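Below is one structure, written out as structure tokens; comments come after it.
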């Protein structure tokens, strides 16, 4: 390993060589050991996003949505797997990636929130998960209603162009929010 590469290890604590991902950590005798990290990236968001796709993403979605730790059989029933071993495989994959953890009762919960490209259209507020377009739709609908109320109460003339632009923006946002919610990304 060339000298600049070794300095990189000291600075960042990890480096990549081809398909292998290495982590540097101090040993008890204060020297530097370099070992292969089997957790497929140890927090590297790109590696995790590449691994969490398809059925594993569906399993992640159910664990993410759950307000409490979720068991293997619950995941099996929610996703309608034919066998609990399929659910266990995907839950263990999430655990190995460091995204989920297993408690003493064998239930899984999300410990690191990831943002796969499919999740970018959603916001999580507490236990509620909503499409982003819901907020835009509420804003535009509210703006049109406030404009109409203000115009009617003041007795002023209603601008047709303002009404058309506001209503069309509200309709597009409502349509997109409903479409995204129906697709539910998975």
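Annotations for the structure displayed:
- The distance between label points at residue 85 and residue 113 comes to 3.6 nm (points 7 Å beyond Cα on the Cα→Cβ vector).
- Three-way shape call for the stretch 46-114 based on the alpha-carbon gyration tensor, with the a/c threshold at 1.5: oblate
- Our estimate of slack between residue 130 and residue 77, defined as 0.36 nm per intervening residue step minus the Cα-Cα distance, is 16.8 nm.
- The orientation-averaged projection of the convex hull spanning the C-alpha atoms of the stretch 120-183 amounts to 5.1 square nanometres.
- A simple spin-label model places the labels of residue 120 and residue 146 3.0 nm from each other, with each point 7 Å out along Cα-to-Cβ.
Where a number appears in this text, it was derived from the coordinates with a stated rule and is not lab data. Source: prediction; values computed, not measured. Don't worry about glycine lacking a Cβ; one is built from the backbone with ideal geometry, like all the others, and counts go over all protein chains shown.
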